[in-house]
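The values are calculated or read from the model by the stated rules, or taken from the named source; none is laboratory data. All values derive from a computational prediction rather than experimental measurement. Cβ: placed from backbone, ideal geometry, glycine included. Neighbour counts: every protein chain shown. Ligands, DNA and RNA are excluded from the accessible area calculation, which covers all protein heavy atoms including side chains. Shrake-Rupley method; radii C 1.70, N 1.55, O 1.52, S 1.80 Å.
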Amino acid sequence: LLRGPFGDLERAIDGLEDTIDGVRSPWLLAVVTDRLDELDERLVEYEPQLATAVDAVEVVPRLLGADEARRYLVAFTTPAETRGLGGFMGNWIEFTAIEGRVRVSDSGRTKALNDGGDGPRTVSGPQDWLDVWGVYGFDNGPGGTTGRVPWSNITVSPQFPSTGQVMAELYPQSGGEPVDGVFAVDPYVLQAFLGFTGPISVEGVELRLTAENVVDFLLVDQYRIDGPERLDLLEEVSRTAFAELLVAGLPGPTEVARVLGPLTDEGRLVGWAADEQEQAFFDSVGLSGALPPLEGGDGLAVVLNNAGANKLDVYLDRSVSYESVVDE
């Protein structure tokens, strides 16, 4: 419905830029030239935002199943045990979207995916991802198969476009259905979700979880609960928070961007899509979790992976210093 108006607006702005270029003349008064320059700069400034809005009108309905049913995997990570992407994947949900109606279709702990599937699992690529991270249980098994627990280290890389592709390939081999995209979120994203939905109650937790206490609960307090109940609890928290979000709905785009924008900038909320146009849209809005291209320049990536299988990282501080030397 909005494609036509946004297209008309984009064409009108293009026409206005052509008009500005056409009326420029050395005979114009300086004040007029200055005003034309100011208007041209503003048009150039807003062009990327308009292009993103046009892409959103085209892509978002497809993501929500306007043309055909869509299925997505969401990995819930915790920085209490670090991985290159930010944290260990503790549990997951699967959700489906059909004509804008979204529902949680499956969920579980990471162990369910490690134990799932009917036979050996293989990862075909991306090759540059396997070259660096394959040794951590992704292609070093017999005949290039994965190890027993690939999902425990699935977030080992900080480069999510490649990791999302690996997760999408492994998920059907681990008992799931083929997916059209993959997302990863951490406790701070759940905090934002509860800011949208309000408090939730979870069986087994006396405390009502809110935007104010859910991060402390997930990073610290939940580890004071002994036994298998704690593991089931994590699945229930993520599933309940996500289900409540689907029921309550999101606020307006401006508020969503204000709250979630910083989280995407920090790599706490990232997404990968199998469709190239949709992936390009994720990249344009900063959701892809891709490392920035160096384009011939220098770059430094600090990647931390906890091999101890403990949850001590929330108590640790780290510092990094970088000294550059220019060779003239």
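Looking at this structure, is residue 163 touching a Phe, Trp or Tyr at 6+ places or on another chain (Cβ under 9 Å), within 15 Å of residue 117 (Cβ to Cβ) and open to solvent by less than 50 Å² (accessible area, probe 1.4 Å)? Here the answer is no, as residue 163 does not meet what is asked.
Residue-level check: of (1) buried (at least 22 other Cβ atoms within 10 Å of the Cβ); (2) touching a Leu at 6+ places or on another chain (Cβ under 8 Å); (3) at pLDDT 90 or above, residue 191 misses just (2).
State the number of residues belonging to region 287-317 that are of a type in the set (Ser, Thr, Tyr) and in a loop (DSSP other than H, G, I, E, B).
The total comes to 1.
Just give me the residues in region 166-187 being buried (at least 20 other Cβ atoms within 10 Å of the Cβ) and either of a type in the set (A, V, I, L, M) or not in a loop (DSSP other than H, G, I, E, B) (or both), in sequence order. Across region 166-187, the qualifying residues are 166, 167, 168, 170, 171, 179, 181, 182, 183, 184, 185, 187. If the condition is being of a type outside the set (Phe, Trp, Tyr) and touching a residue at least 60 places away in the same chain (Cβ under 8 Å), then region 165-179 contributes 165, 167, 168, 174, 175, 176, 177, 178, 179.
Contact map, region 142-161: residues that are under 18 Å from residue 76 (Cβ atoms) and without any contact (Cβ under 8 Å) to a residue 60 or more places away in the chain paired with residues that are open to solvent by less than 10 Å² (accessible area, probe 1.4 Å) and not basic (Lys, Arg), Cβ distance under 7 Å, separation 6+ or inter-chain. Pairs shown: 150/138; 150/170.
Flag: residue 161 matches the condition of being within 23 Å of residue 132 (Cβ to Cβ), part of a helix (DSSP H, G or I) and not hydrophobic (A, V, I, L, M, F, W, C).
Within region 194-201, one or more residues are over 22 Å from the mean Cα position of the chain (by Cα), within 24 Å of residue 214 (Cβ to Cβ) and not in a loop (DSSP other than H, G, I, E, B).
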